[in-house]
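Beneath this line is the structure, given in structure tokens, with notes to follow.
The values are calculated or read from the model by the stated rules, or taken from the named source; none is laboratory data. Only a predicted model underlies this, so the values are computations on that prediction, with no experimental measurement involved. As a convention, Cβ positions derive from the backbone with ideal geometry for all residues, glycine included, and neighbour counts pool all protein chains shown.
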Amino acid sequence: MDKFHAKKAKPGRKPSGGRASSSRQRLRLINACISALHIHGPSRTTVEKVVAIAGMSPGIVRFYFASKAAMLVASLQFLAAEFEQRVLVPVAQLRNEPVRALATLVDLYLDPDIASPRKVSVWYSFWGEASSRQEYFDICGQKDARFAEMVRELIGNLISQSGATHLDPDGVALGLIGALEMMWQDFAFQTEIRIDRTAARRRCMGYLRSVFPQQFGRLPAPIRTPAAAAPVSIPGALATGAEAATATGREQEWLANAWQIAAPESAIAAPGDFVTAELVGGPMLILRDEEGVVRAFRNQCGQRPHVLTVAPRGHWSGAIECPIHGFACDLRGRALSDRASEGLIALHTHIQDGLITLRASRYGEGPPAPSLEWGTTQPLAAGFAALDLAVRAPWRMLVEHWLEFELPEQPAGRLAGLLADPQLQLDERSGGIRWRGRIGSDARGWSARRYVTLALQPGSAHWYRLFVPPNEFVERREDGLVVLQVIPVAADQCRVRWLECRPASESARTTAMHFLARRLRAAWLAQDTEAVQAAYRSRLDTGSRAGNDLPVVTAVAAFRSTLARHLRDARVAGLQSGPT
């Protein structure tokens, strides 16, 4: 179409698809603004800080908001609308069933999507500014008034149905609101990994039980919503939502206390070089200091709880600086500013066979660092690739799947012909598995056959595989190294961190082998994640008990035993410490 026949565009009209893109950009700015408010508070939040978090240009803010004040109001309105839709609307639909409605209210009010430390701190920061800004007061006040009215109505309905007319509905409602608000205040000063939402729910439901012992004599199970975590596969049983959340928290503590491979040491060759890694326990920062010592820290600003850098790798010249508000540390993690008494949170590190491993937990005695014992000391190149794959299933289901197919007792299926003469060593106490096999000669599929053709050379090395409990698979080949880490995200979600390194000295042959192995791994990962997600969906649909429908090979049995022992020990420790 030439310019003479083209329709004249009307001013302000966006092309097809522009409205959706505009909505996403506006939401991105609002989310960045909420993060900035969490870090700085309303008075110190600036447009520059918001766009730095959003990764956008300052000029785009003017396109969506007339001023900084308008952006702050829009962020508060977003939170208020979210609270209305996610809490008040579902509870209002149950107003004729007050017991169920109140249990649902407690669950939703304490849900991590609503009561995250980030969002709760923003609510309180706006309340602190409400006396000087009528817009803030109106939004916060309306949200609290609607919530109080809802609680008062439910308590009144329950009093009428139970015949407990001696109770004052206003007083009882005020007590429940106070209990919930106390939980929110506690969340505002915690990190998510330290929040015990099960205990918070137990306390609020305990208040209702003390007032209505017959109606709440037995605590109702958490009401599942689309945003709530689905049940997970605890060995031998299909867990409820509360059990799933508790078990997931204990498992995360176990994983955070384990050693995790972060990167090859060659990636931080010079002082000041750094790499980042998203492992169990959050984002991590690994660097080499002025004296050449490898150090690891939480990738978190020492003054405010946000990441210092989102870059996967880079270099600092003498100091680690926060780009948002100027907090700085030296390369040993010590604060260089008087505004903070502490520097970065240091973590335990260990280096073996050119790999940097770290332990995310700083508390208690951790396990000894695993011994790789490859039988080869082939150095790794400085470059490496790390990818994340999302999986909609519990982390332990994926681990069990790999223990069955990645480290087989008898090579079968996709490994048949590719690897031969397996040698498997199993440590039943730790659950660790060491496995070695030579390249076979009857592989299936073009990529596998071509890999075998290149690999079957005089003096070619074995494939070494290692399962490091509880969540790490390591594979060492002539053409490089692969690490697969299964990281829990929620009770029904996990992600796979796929770390890949090449050998320091490459030839055309090993380069081609690495490319083919990567193709095989990508195909296998796609098969594995789909199979595990389908199995998990099937369990939810049929209500089958986790663990009863999987072949229990020796490797899987050892892993389940290790997991069950950990959960049992953690539960006993929790009971001995008494109620919180």
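Which one of these is more than 13 Å from Arg28 (Cα to Cα) and either of a type in the set (Gly, Ala, Ser) or not assigned by TED's automatic domain parsing to the domain that holds Arg28 (or both): Ala74, Ala81, Ala52? Explain how you work it out, then say what you get.
Numbers: Ala74 fails: more than 13 Å from Arg28 (Cα to Cα); Ala52 fails: more than 13 Å from Arg28 (Cα to Cα).
Answer to the selection: Ala81.
Among the numbered conditions (1) surrounded by fewer than 19 Cβ atoms within 10 Å (Cβ to Cβ); (2) under 27 Å from Ser210 (Cα atoms); (3) not small (Gly, Ala, Ser), the only one that Ile159 does not meet is (1). For Asp479, the conditions (1) at pLDDT below 85; (2) touching a Ser or Thr at 6+ places or on another chain (Cβ under 6 Å) are fulfilled apart from (1). Within segment 205-233, being modelled with pLDDT of 70 or more, hydrophobic (A, V, I, L, M, F, W, C) and within 18 Å of Leu108 (Cβ to Cβ) holds for Met205, Leu208, Phe216.
Given (1) out of contact with any Phe, Trp or Tyr (no Cβ under 6 Å at 6 or more places or on another chain); (2) under 29 Å from Trp254 (Cβ atoms); (3) surrounded by 13 or more Cβ atoms within 10 Å (Cβ to Cβ); (4) modelled with pLDDT of 80 or more, identify the lone condition not met by Glu321. Answer for Glu321: the failing condition is (2). How many residues, within segment 496-512, are surrounded by 18 or more Cβ atoms within 10 Å (Cβ to Cβ) and touching a residue at least 60 places away in the same chain (Cβ under 8 Å)? Residues meeting the conditions: 8. Scoring Ala526 on the criteria (1) buried (at least 19 other Cβ atoms within 10 Å of the Cβ); (2) at pLDDT 85 or above leaves a single failure, condition (1).
Candidates Arg476, Arg502, Arg509: the one that is under 16 Å from Gln378 (Cβ atoms) and assigned to a helix (DSSP H, G or I) is Arg509.
What about Arg202, is it touching a Leu at 6+ places or on another chain (Cβ under 8 Å), at pLDDT 70 or above and either surrounded by fewer than 19 Cβ atoms within 10 Å (Cβ to Cβ) or of a type in the set (Gly, Ala, Ser) (or both)? Spell out how you get there, then give the answer.
Values: touching a Leu at 6+ places or on another chain (Cβ under 8 Å): yes; at pLDDT 70 or above: yes; either surrounded by fewer than 19 Cβ atoms within 10 Å (Cβ to Cβ) or of a type in the set (Gly, Ala, Ser) (or both): yes.
Criteria met by Arg202.
For Asn96, the conditions (1) of a type in the set (S, T, N, Q); (2) in a helix (DSSP H, G or I); (3) at pLDDT 85 or above all hold with the exception of (2). Within segment 160-190, the set of residues being among the charged types (D, E, K, R) and at pLDDT 85 or above comprises Asp168, Asp170, Glu181. Taking only pairs six or more apart or across chains, which ones have beta-carbon atoms under 7 Å, a first residue in segment 452-467 that is farther than 18 Å from Pro503 by Cα, and a second residue that is at pLDDT 80 or above? If the second residue must be at pLDDT 80 or above, the pairs left are Leu466/Val474; Phe467/Leu403; Phe467/Phe473.
Within segment 113-163, the set of residues being free of Cβ contacts under 8 Å to residues at least 24 places away in the same chain and within 17 Å of Val89 (Cβ to Cβ) comprises Asp144, Ala145, Glu149.
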